[in-house]
Amino acid sequence: MILFATILIPLAFAGYVAARPAKEAKSIALVGTLAALAAAVYALTQFNWSESSQIQMRETVDWLRQLGGLGIQRGEVTEWQGGVALSVGVDSVALMLIALTALLGPICVLASYTAITERVKTYYVWLLVLQAAMTCVFASRDLVLFYIAFEFTLIPMWILINLYGSTNRRKAATKFFLYTFTGSIIALAGLVYVVWKVRGPTGVWTFDIGDLQKSAMIVLSSREQGWVLLALLCGFAVKVPLFPVHTWLPLAHTEAPTAGSVILAGVLLKLGTYALFRFAIPFVPAAAYEYAPAIAVVSIVGIVYAGLICWVQTDVKKLVAYSSVAHLGFCVLGLFAFNTTGVSGSVLYMINHGLSTGALFLLIGMMYERYHTRSMKEVGGLGSKMPVWSTFMVFFTMASVGLPGLNGFVSEFLCLIGTFQAGSWGRSPGGTGGNLGFWYAAVAGTGMIVAAMYLLYMVGKVVFGPLREPHGHHGHDEHASTLPADLTAREIGILVPLAALCLWLGVYPKPALDALKAPSAQVAETVKAGRQAAADFGKPPPPPRVLPAIQ
Amino acid sequence: MTELATTVWQGLAAAGLGAAEGWGVPPAVPGPMWIGLIPALPLLAVVLCTLCAIFKVKSKLPAWLTVGCLAASFVVTLLMYLNMSGSPMLSTAFTWIDVSWGSERSPRNLHANFGFYIDSLTCLWMLFVTGLATLIALYASEYMSHDVGKGYSRFFAAFSLFVFSMACLVMADNLILLYLGWEGVGLCSYLLIGYFYKKPSAVAAAKKAFIMNRIGDLGLALGIFLIFVKFGTVEYAKLFADGAFKEMLGHAMTGTSESWAKIPWDVKLIPILLMVGAFGKSAQFPLYVWLPDAMEGPTPVSALIHAATMVTAGVFLIARTYAVFQLSPSALTIVAIIGTVTALLAATIGMAQFDIKRIMAYSTVSQLGYMFAGLGVMTSVGACFHVFTHAFFKALLFLACGAVMHGFAGQLDLRKLSGVGKMPGWRIVGITMLVGCLNLAGFPLLAGFWSKDMILAQAFITPGMGLVGWVLLLTAGLTAYYTFRVYFRVFVGPQEHHPGDEAHGHDDHDAHGHGGHGHDDHGHAKADHKHEAHDFHPHPPGWAINLVLVVLAAASFAIIPLTFMGKHGGWVGDMVSHSSAAWSAPGEHHDDHAGHSHAAGDTHSHAGESSRSHDEEKLGTFLGMDPHAVMYYVSGVVGLIGIGVAYRLHLQGRTSAATSRADALLPMLGPIPKWAQNKWYVDEFYHFLFVRPLWVLSHIFHLIDRMLVDGLVNLAGILPRALGATIRPSQSGQLHGYAVAMAGGIGVLLLIVLLVAR
């Protein structure tokens, strides 16, 4: 029940916010997100971490079983095979991402306290709905439920950008919506094709993700796998976003309100990498392996290309937005190394990027609330004026740069070493085999240098140097007069948990790595099995496929 | 280069440096947990200083907390040193990174502890790191006093964090923790160079240092990856005990081309990658340009980080993984050549500078080049010994220059100061500066003389490295010259001084200028400046600065006897030869010259004893003489010549601060002095060759992203609308139009059916 609770609590509170007067909205939203966080923390304690790759906390509620399912009457009850169900369950990867979502919830609400002054109710309603939808994406074990939630996240996000963004918000919102939606439709085609191929000889359609993962790689020829992979990439790579389908991101990030950017960077992008992890690789492992070099090249191009673009930005928010493209390149690269090191690093990267980039967007939002500009030409040298803010800025920049001792390092290092290992190293004890290797890691590694270039350029402009404030800005202008020059207790309170997590995951990542070990190893196993299946495809008469009973 | 390397190796093989005796680290034993206090105490200081910053402490409390913690850390280091046994000690605080995979039969894992590997090399480094850090923190308590209540806590927090990171770097039991320390010191260097963060030049210098270091770090990271992939571990103890590793080491020591062929090419690549990291951190050519700029930081920082400790991390890395460097026939040769080139290049630039702190910076680069050359010519003892002596006298030199800078309102131009040593209150600075200069110049019998000498002699001995030796010898002369150019110009001669541009209403207000000033009182301070410039009074150092200078000067004498302790290479030699950096250098079985004077009889090293007779001719000589025997005299004379030239040109007959006899000589050299003063335009060259193109490329990418990548998307977005607009007229609502369209459609369908059906 606890997983349903993490989804339904924000939804219920969204309804409550809608029912109450606007001035209570933010308090109710805060309570709601905190309740969801409590539920998520409870889920963390209930999870059996020693079997972290097992799907746990399964809950299934019959929904549209008739849709392709087969009902067997057993007395009073009907037992269903296949069909669509409200089915949830998590392994450690999904659970950690749910926890990240739940953590960012109250942070986003608190970050909007002073920034959102108009149409407050609508704002918090959709913020809570969005959180429910994102949690549902990670928790769902039914493909239809997943896809509905995956697509549904677009609507609250579209509203948040469209109504609460800055000047160019309409264009950004529309572009964000259409771009990701178009991609997702193609991904849907791919998913439907997989489901269609997998449907048993009995004609039962199953949408259970676990069943699909077991059967898909057997029933698809490598040619089909290639096409399915392409279709899935159309949807998921746009979401990640990988080069060259990333251009919606800088615009959406720049225009979105602070909380929107935090959610976008923190969670929404992870829907893409999570879907690659959950669907693309297990469904079509042979094709994923075969095209890993191409995907790796695209990721690496993204790392360097987006990094260099960051370096010439004047809009600080756009800079951080582009840095997401570069960072997620590392994440995808590690994932497609298909070894324990790389995949652990990649999943950890999803969490870490959410923390550090989320925090950077929060900080930029705090600056924006005070100066109403994001241009580094107009504002800078805030070190003397906002020492607390500056300290956090330097801290999270260093986390983002991948400084050892902070969280970014562990995941980036593991992604790179995973990529490095996945080469033809023969019998070398540290190699894992694969079709990436030295040069992929070496070129991607230049991203570490580029990251230092653009992030230190940003810090050098915004934090250091002589104080620059927008023309005519004296202290603070009328609009933001409620805010003091430096951070308030509320703002510090938002940042401290994130900073503590960054430090913890950097100094003692062992619990997280232990939890990710089994799912990562499973990816490696799946790819191995999938390549074997592809090699055997069509050779012997396929054994009769029996769908496992619904749990 | 390969030929040269082969010569070295053949020489080595001929010298009979057997594989068995040449290198071997005893298996590690568990060590006590309290070793962890060495990094933990500086970390405590970081926390305390942060608390001071949060509670806005307006006293010198952060400094005393730092000095206390660092001194305690030094004491623990001493205890650690006294507890050393023959075997390296391992002490684990907790597991840091651990990922495992593989089957049960062949389990594999990537394991990195937050753990410490303590051997004598670690002790050597930690002793001078914690010792000097304590002294320099004490110095900084006075030097930074004008920032009390402002950046004071921040300074000492970063300072302590540096010591913590350096301890992690040096004490790490695996390469990933070393990498943590490696980047950690880089961060602290960044924060401290950029301490005066309102000064754009300081911010730029900090950024440059970090990015230059990152270039090196990439090499280091790839080297670590490669070590991991090839040997399955990143832990020193496991690596050094690894069967495959030892086997390859055996091949390397056999030294024939067949045995070299048995070492895979990617293993030979490891040292090349590691050395890139070392070049970045230790400011070697071509990655040295950040170090002179790093002088924007407060002087205690320059002394500790950019002279004594952090920049020696590259030497430490190579010394720690010295065995790995033996796996490539060319790696150490490259190290030697790069080191030599750097030594000479930096010395030539140093000769033409006028900013005394920059001169010291270039001299650091140059001396680091010596250390690398020492490693390259196979005397890890000499290199580490030079690191050790250099740490003391270079810290001393920087701190003395810092005292001048502090007292004369930021004045560092040697044309604007003269006779400082004779001014009242400045005697101690003058004398200690002289001690430092004599050491750096390699004045006979001082610490710097012995260590430099060891490298020079070995360069002449190691086969194929003669040219390296000659260049280093020339550099020794240049070093003596530029060092005493500073001394003779600034500290002796007629008394004269002009305050720096940081002179304000009260002379200790805010050295480093625009640093601490708020927006508003800026103009006010500028106005003050002109008014006060006449009656500027230098501000002689107080007790803390003087005490630290005296202690360091005394220490640079105190370490001289260490040269004669132990068997070969003195105390440092003993320390190094019982660590992973141990390597019998060619010809070491000759009387090791450092031990020469007192124990000529028993300095044969074990390795060479048996084969002493037949290898003499293979080893290099100095003009036919045994380098160990004559190098003292040669290098002593070269140093004295350098000092003499400096005396003749910069002190004799000089009447003012601004001019000297050297000025008359300059036109004879044509544009060369100007080029040297402009650092041979290396910065401009890099800017032109790398920074600018990259910047242009970034803009092109940005343009492509907006126009092409996003443009196509926008086009795709416009297309449906455009399509709609084109076919809209057809939806006219007139019946016959639809009828015609329908008929046409059916016709086309029929056609398709017909074609397909046929």
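The values are calculated or read from the model by the stated rules, or taken from the named source; none is laboratory data. Please read these numbers as outputs of a predicted model, since none were measured by experiment. Here Cβ is always computed from backbone atoms with ideal geometry, including for glycine, and neighbour counts include all displayed protein chains. We work out accessible area using only protein heavy atoms, side chains counted, and drop any ligands, DNA or RNA first. Shrake-Rupley method; radii C 1.70, N 1.55, O 1.52, S 1.80 Å.
For B:Leu712, indicate whether it is open to solvent by 60 Å² or more (accessible area, probe 1.4 Å), closer than 30 Å to A:Tyr322 by Cα and among the hydrophobic types (A, V, I, L, M, F, W, C).
yes
Screening segment B:221-236 for residues that are under 25 Å from the mean Cα position of the chain (by Cα) and among the small types (Gly, Ala, Ser) and picking the one that is nearest to the other protein chains (Cβ to nearest Cβ) gives B:Ala221. Annotation: of all residues in segment A:42-73 being buried (at least 16 other Cβ atoms within 10 Å of the Cβ) and among the polar types (S, T, N, Q), the one that is farthest from A:Val523 (Cα to Cα) is A:Thr60. Restricting attention to segment A:98-120, the residues that are in a loop (DSSP other than H, G, I, E, B), of a type in the set (A, V, I, L, M) and crowded, with 24+ Cβ neighbours inside 10 Å total 0.
Working carefully through the options B:Lys208, B:Lys281, find the one that is under 25 Å from the mean Cα position of the chain (by Cα), within 30 Å of B:Ile359 (Cβ to Cβ) and open to solvent by 30 Å² or more (accessible area, probe 1.4 Å). Answer to the check: B:Lys208.
Inspection of segment B:160-169 finds a residue satisfying the criterion of being in a helix (DSSP H, G or I), out of contact with any Phe, Trp or Tyr (no Cβ under 9 Å at 6 or more places or on another chain) and open to solvent by 10 Å² or more (accessible area, probe 1.4 Å). The conditions of being touching a helix residue (DSSP H, G or I) at 6+ places or on another chain (Cβ under 7 Å), farther than 30 Å from B:Gly448 by Cβ, part of a helix (DSSP H, G or I) and within 14 Å of chain A (Cβ to nearest Cβ) are met by B:Phe701.
The numbered conditions (1) out of contact with any helix residue (DSSP H, G or I) (no Cβ under 7 Å at 6 or more places or on another chain); (2) surrounded by 24 or more Cβ atoms within 10 Å (Cβ to Cβ) are all true for A:Thr373 except (2). Among the residues of segment A:423-441, those that are facing chain B (nearest Cβ under 7 Å) and open to solvent by less than 10 Å² (accessible area, probe 1.4 Å) comprise A:Gly430, A:Ala441. Consider segment A:293-315 and keep the residues that are away from chain B (no Cβ under 14 Å) and surrounded by fewer than 24 Cβ atoms within 10 Å (Cβ to Cβ). The one that is farthest from A:Leu242 (Cα to Cα) is A:Pro293.
Filtering B:Ile356, B:Ile428, B:Ile349 for residues that are more than 23 Å from B:Val315 (Cβ to Cβ), open to solvent by less than 10 Å² (accessible area, probe 1.4 Å) and in contact (Cβ under 8 Å) with a residue 40 or more places away in the chain leaves a single hit, B:Ile356.
Only one of A:Ala524, A:Ala515 is within 11 Å of chain B (Cβ to nearest Cβ) and either under 30 Å from A:Val388 (Cα atoms) or buried (at least 16 other Cβ atoms within 10 Å of the Cβ) (or both). Can you tell me which? Answer to the selection: A:Ala524.
Applying the condition of being of a type in the set (Ser, Thr, Tyr) and in contact with a Gly (Cβ under 9 Å, 6 or more places away or on another chain) to segment B:180-202 and asking which residue is farthest from B:Ala221 (Cα to Cα) yields B:Tyr197. Among the residues of segment A:454-464, those identified as open to solvent by 10 Å² or more (accessible area, probe 1.4 Å) and more than 15 Å from A:Trp389 (Cβ to Cβ) are A:Tyr457, A:Gly460.
Any chance you could count how many residues in segment A:325-376 are among the polar types (S, T, N, Q), within 14 Å of another protein chain (Cβ to nearest Cβ) and part of a helix (DSSP H, G or I)? Qualifying residue count for the region: 5.
Do we find a residue being more than 14 Å from every other protein chain (Cβ to nearest Cβ), touching a helix residue (DSSP H, G or I) at 6+ places or on another chain (Cβ under 6 Å), among the β-branched types (Val, Ile, Thr) and open to solvent by less than 10 Å² (accessible area, probe 1.4 Å) anywhere in segment B:96-104? Within segment B:96-104, not a single residue is more than 14 Å from every other protein chain (Cβ to nearest Cβ), touching a helix residue (DSSP H, G or I) at 6+ places or on another chain (Cβ under 6 Å), among the β-branched types (Val, Ile, Thr) and open to solvent by less than 10 Å² (accessible area, probe 1.4 Å). Output the residues belonging to segment A:209-238 that are touching a residue at least 60 places away in the same chain (Cβ under 8 Å), within 23 Å of the chain's Cα centre (by Cα) and surrounded by fewer than 23 Cβ atoms within 10 Å (Cβ to Cβ). Answer for segment A:209-238, where residues must be touching a residue at least 60 places away in the same chain (Cβ under 8 Å), within 23 Å of the chain's Cα centre (by Cα) and surrounded by fewer than 23 Cβ atoms within 10 Å (Cβ to Cβ): A:Ile209, A:Gly210, A:Leu212, A:Gln213.
Considering only segment A:228-286, give the helices (runs of 4 or more DSSP H) lying wholly within it that have at least 1 residues that are touching a Pro at 6+ places or on another chain (Cβ under 8 Å) and more than 14 Å from chain B (Cβ to nearest Cβ).
On the way: elements: A:248-255, A:258-263, A:269-275.
Qualifying helices (runs of 4 or more DSSP H): A:269-275.
Conditions (1) open to solvent by less than 60 Å² (accessible area, probe 1.4 Å); (2) on the phi < 0 side of the Ramachandran plot; (3) under 17 Å from the mean Cα position of the chain (by Cα), marked per residue:
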position: A:Thr122; (1), (2), (3): yes, yes, no
position: A:Cys136; (1), (2), (3): yes, yes, yes
position: A:Phe150; (1), (2), (3): yes, yes, yes
position: A:Met157; (1), (2), (3): yes, yes, yes
position: A:Asn168; (1), (2), (3): no, yes, no
position: A:Ala173; (1), (2), (3): yes, yes, no
position: A:Thr180; (1), (2), (3): yes, yes, yes
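Scan segment A:380-411 for residues that are at the interface with chain B (Cβ under 10 Å from one of its Cβ atoms), part of a helix (DSSP H, G or I), surrounded by 24 or more Cβ atoms within 10 Å (Cβ to Cβ) and not aromatic (Phe, Trp, Tyr) and the total you get is 3. Counting the residues of segment B:89-123 that are under 30 Å from A:Gln421 (Cα atoms) and in a loop (DSSP other than H, G, I, E, B) gives 4.
Report whether or not B:Thr299 is within 14 Å of chain A (Cβ to nearest Cβ) and of a type in the set (Ser, Thr, Tyr).
Against the criterion (within 14 Å of chain A (Cβ to nearest Cβ) and of a type in the set (Ser, Thr, Tyr)), B:Thr299 does not qualify.
Exactly one residue out of B:Leu48, B:Leu127, B:Leu90, B:Leu79 is under 30 Å from A:Gly342 (Cβ atoms), open to solvent by 10 Å² or more (accessible area, probe 1.4 Å) and away from chain A (no Cβ under 14 Å): that is B:Leu90. The residues listed here are A:Gly408, A:Gly426; of these, the one that is of a type outside the set (Asp, Glu) and on the phi > 0 side of the Ramachandran plot is A:Gly426.
Mind listing just one residue for me: the one in segment B:640-670 that is in a helix (DSSP H, G or I) and open to solvent by less than 40 Å² (accessible area, probe 1.4 Å) and, of those, nearest to B:Thr479 (Cα to Cα)? Once the filter is applied, the top-ranked residue is B:Gly642.
Within segment A:294-323, residues that are free of Cβ contacts under 8 Å to residues at least 60 places away in the same chain have Cβ atoms under 6 Å from residues that are among the small types (Gly, Ala, Ser) and open to solvent by less than 10 Å² (accessible area, probe 1.4 Å) in these pairs: A:Val312/B:Ser698, counting only partners at least 6 apart in sequence or on another chain. For segment A:32-48, the tally of residues that are among the aliphatic types (A, V, I, L, M) and closer than 16 Å to A:Val129 by Cβ stands at 2.
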